[in-house]
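The values are calculated or read from the model by the stated rules, or taken from the named source; none is laboratory data. From a predicted model like this one, the values you see are computed outputs, not experimental measurements. Methodologically, a virtual Cβ is constructed for each residue, glycine included, from the backbone with ideal geometry; neighbour enumeration extends over all protein chains shown. To get the accessible areas, we keep the full protein, side chains included, count just its heavy atoms, and leave off ligands, DNA and RNA. Shrake-Rupley method; radii C 1.70, N 1.55, O 1.52, S 1.80 Å.
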Amino acid sequence: MSEDKVRLRREMLAAREEMSPFIASQTIGDLALWMYQLPVDLQPGDTVAAYVATRREPGGTPMLDALVDRGLRVILPIVPEGGPDRLQWGVYEGEMQLEKGRWNLLEPMGLRLDPDTITQAKLILVPAVAVDRRGARLGRGAGYYDRTLPGLAAPIVAVVHDTEVIDGELPEEPTDVRVHWILTP
């Protein structure tokens, strides 16, 4: 991994932690509203892959609840044991059905679904630390999404704060998977 990526990740995460609690809360509500206006043909019963936001990451359970309110099946990642590999999945059934998993990330309780479950998704919402206008995504650095996303047909959407869209080019590795869209508050 390049030193530029490590430095940029550290800087972006530090800026995120300094974000005003008011702005962070407003972001959660704004992104939840976007779930009702997504420019993707989603029908009740369709599957959307999403994530549970951590710390000041944009998103939050209101975003997930809005998707469920639309009648969509929401699947969330479960980090497998061992070294970085493809993500497993679980169905989101409300905030009370989330438990701390690996690295204290909130994951759905119950049945673990196969990594290939993501192929059922009509839309894939992924977290990012930053993203550039070409779709290059800077994640947390372990490569779970880069192992999970190749070859999928559904649009992949990076969810970031407005300030995390980079006008220049982010450093990329050959294994990095680009996103199709960027969603900001």
Rounded to the nearest angstrom and ordered from largest down, what semi-axes does the equivalent ellipsoid of region 26-121 get from its C-alpha gyration tensor (root of 5λ)? 22, 16, 11
How are the alpha carbon pair distances in the chain distributed across 5 Å bins from zero to the largest one, expressed in percent? 1, 8, 17, 21, 23, 18, 9, 3, 0
Once amide H atoms are built 1.01 Å from N in the peptide plane, which residues 5 or more positions from residue 139, or in another chain, come under 5 Å H to H? 129
What chymotrypsin sites (Phe, Trp or Tyr not before Pro) in region 16-83 are in a loop by DSSP, with at most 15 other Cβ atoms within 10 Å of the Cβ? 36
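Note the full-extension length gain between residue 65 and residue 4 as 0.36 nm times their separation in residues minus their Cα-Cα distance, in nm to one decimal.
Taking residue 65 through residue 4 to full extension adds about 18.3 nm, to one decimal.
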Among the DSSP beta bridges whose two residues both lie in region 1-106, what percent are antiparallel, rounded to the nearest 5? 60 percent
Which residues make up the longest stretch of the chain that has no GluC sites (Glu not before Pro) in a DSSP loop with at most 11 other Cβ atoms within 10 Å? 82-168
Can you give me the long-range amide H partners of residue 78? Hydrogens built in the peptide plane at 1.01 Å from N, cutoff under 5 Å, separation of 5 or more residues or another chain. 88, 89, 90
Bridge type composition, region 68-166 - antiparallel percent by DSSP, nearest 5: 60 percent
With Cβ to Cβ distances under 14 Å as the rule, what net charge do the other residues near residue 74 carry (K, R +1; D, E -1)? -3
Provide, in order from the shortest bin, the percent of all Cα-Cα pairs of region 141-185 in each 5 Å bin, continuing until the bin that contains the maximum pair distance. 5, 18, 26, 28, 19, 5
From the backbone phi of region 82-94, what are the Karplus-calculated ³J(HN,Hα) couplings (6.51 cos²θ - 1.76 cosθ + 1.60, θ = phi - 60°) in whole Hz, Gly and Pro given as x? x, x, x, 8, 5, 6, 8, 9, x, 7, 7, 10, x
Give me the percent of DSSP beta bridges within the chain that run antiparallel, rounded to the nearest 5. 40 percent
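So what's the convex hull volume per residue for the Cα atoms of region 91-185, in Å³?
121 Å³
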Quick one: accessible area per residue over the chain, 1.4 Å probe, rounded to a whole number of Å²? 50 Å²
What FRET efficiency would be calculated for the residue pair residue 97, residue 23, taking the C-beta separation as r and a Förster radius of 35 Å, to the nearest 0.05? 0.75
Net charge (Lys, Arg +1; Asp, Glu -1) of residues whose beta-carbon lies under 15 Å from that of residue 60, residue 60 excluded, is -2
Can you pull out the trypsin sites (Lys or Arg not before Pro) in region 3-111 that DSSP calls coil and that have at most 12 other Cβ atoms within 10 Å? 55
Rh_Kirkwood(region 58-102) over Cα pairs, Å, one decimal, evaluates to 11.7 Å
The extension gain from residue 33 to residue 13, computed as 0.36 nm times the residue separation minus the Cα-Cα distance, is 4.7 nm
What is the set of long-range amide H partners of residue 125 at a cut-off below 5 Å, with H atoms built 1.01 Å from backbone N? 49, 50, 157
Taking the Cβ of residue 104 as the centre, find all other residues whose Cβ is under 14 Å away and add up their charges (Lys, Arg: +1; Asp, Glu: -1). +1
